[in-house]
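Structure first, then comments.
The values are calculated or read from the model by the stated rules, or taken from the named source; none is laboratory data. What you see is a predicted model; the values in this text were computed from it and never measured. Counting neighbours? That spans all protein chains shown, and the Cβs are built from the backbone with ideal geometry, glycine included. For accessibility, only protein heavy atoms count, side chains too; no ligands or nucleic acids. Shrake-Rupley method; radii C 1.70, N 1.55, O 1.52, S 1.80 Å.
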Amino acid sequence: VMSILLHGDAAFAGQGVVYETFHLSDLPSYTTNGTIHVVVNNQIGFTTDPRMARSSPYPTDVARVVNAPIFHVNADDPEAVMYVCSVAAEWRNTFNKDVVVDLVCYRRRGHNEMDEPMFTQPLMYKQIHKQVPVLKKYADKLIADGTVTLQEFEEEIAKYDRICEEAYTRSKDNKILHIKHWLDSPWPGFFNVDGEPKSLSCPPTGISEELLTHIGNVASSVPVEDFKIHSGLSRILKARSEMTKNRVVDWALAEYMAFGSVLKEGIHVRLSGQDVERGTF
């Protein structure tokens, strides 16, 4: 499995979760063995100029914290983009580390249907309106090279338009939404044939008092004989044992019983994080 994340330039530089996941990327218990980050860098966040949005020259500078290679590529050159993406995939396969592809491009229209970019970025958008769209630019180059004929190009465009039109027509006819066709659900049988969720009632999850007592006793005992235990800890264990005896639970013991009952059914429980490691809670 190769994980690919698609980012916008403003989000890549501005969202804390990007920085946080970079720092998780090489931790032994969290690594995905390298993620390919593709940044669609249209050089404007909603209506914000980069100089008003971040302090670094590139939105991708945040990836430098893990020494990830960063490829800046002109998105108006599809072959250069393909080449860079191949190199990125090879890097990830070879070294199992994160890599970033920065597609340097522009946004032709507003942020949404209501947004007129000429209000806030008149100079930039005068330049953008002069740009030949990448499809036309690349098609002209291929036709000039003799790689494709004008007729082949037009047929390809017509074919693509037809696929879009047919899908649009079909979408109007659809009375039932087949959720399961597009939702990568980890629960097989979660939806019925029509794509509707099945009844969401849970089976009873209660367990016997005998089992709860057993878990409580295990949770308040020390597994090793003649083991010198810290007095603060033995106080906690003693109190826990008393609670189990008196059929009383506090938050920590309730949590223990929940984890213990799941473990007893042979289901693996993984706790992680600094407070877990030192047993704060």
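Data for the structure
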{"item": "Boolean, ALA167 is part of a helix (DSSP H, G or I) and within 24 Å of ALA75 (Cα to Cα)", "result": "no"}
{"item": "Set ASP49, ASP61, ASP76: member being under 20 Å from HIS23 (Cα atoms), open to solvent by less than 80 Å² (accessible area, probe 1.4 Å) and touching a residue at least 40 places away in the same chain (Cβ under 8 Å)", "result": "ASP61"}
{"item": "Filter result for the condition that a residue is in a loop (DSSP other than H, G, I, E, B), more than 30 Å from MET118 (Cα to Cα) and of a type outside the set (A, V, I, L, M), over TYR19, TYR30", "result": "TYR30"}
{"item": "Those helices (runs of 4 or more DSSP H) lying entirely in the range 210-281 with at least 1 residues at pLDDT 90 or above and within 29 Å of the chain's Cα centre (by Cα)", "result": "251-264"}
{"item": "Subset of the range 218-238 (residues that are touching a helix residue (DSSP H, G or I) at 6+ places or on another chain (Cβ under 9 Å) and not hydrophobic (A, V, I, L, M, F, W, C))", "result": "SER220, SER221"}
{"item": "Subset of the range 14-33 [open to solvent by less than 50 Å² (accessible area, probe 1.4 Å) and either among the aromatic types (Phe, Trp, Tyr) or touching a Phe, Trp or Tyr at 6+ places or on another chain (Cβ under 8 Å) (or both)]", "result": "VAL18, PHE22"}
{"item": "Selection status of LYS159, exposed (fewer than 11 other Cβ atoms within 10 Å of the Cβ), more than 27 Å from THR48 (Cα to Cα) and among the basic types (Lys, Arg)", "result": "yes"}
{"item": "Those residues of the range 240-259 which are open to solvent by 90 Å² or more (accessible area, probe 1.4 Å) and in contact with a helix residue (DSSP H, G or I) (Cβ under 9 Å, 6 or more places away or on another chain), in sequence order", "result": "LYS245, ARG247, TYR256"}
{"item": "Whichever residue in the range 1-13 is open to solvent by 40 Å² or more (accessible area, probe 1.4 Å) and touching a Pro at 6+ places or on another chain (Cβ under 8 Å) and, among such residues, is farthest from ASP98 (Cα to Cα)", "result": "ALA10"}
{"item": "Neighbours by Cβ (under 6 Å, 6+ apart or cross-chain): first from the range 1-30, assigned by the TED database to the domain that holds ARG107; second in a helix (DSSP H, G or I) and surrounded by fewer than 12 Cβ atoms within 10 Å (Cβ to Cβ)", "result": "PHE22/VAL65"}
{"item": "Subset tally (residues that are within 19 Å of GLY206 (Cβ to Cβ) and open to solvent by less than 70 Å² (accessible area, probe 1.4 Å)) for the range 260-281", "result": "5"}
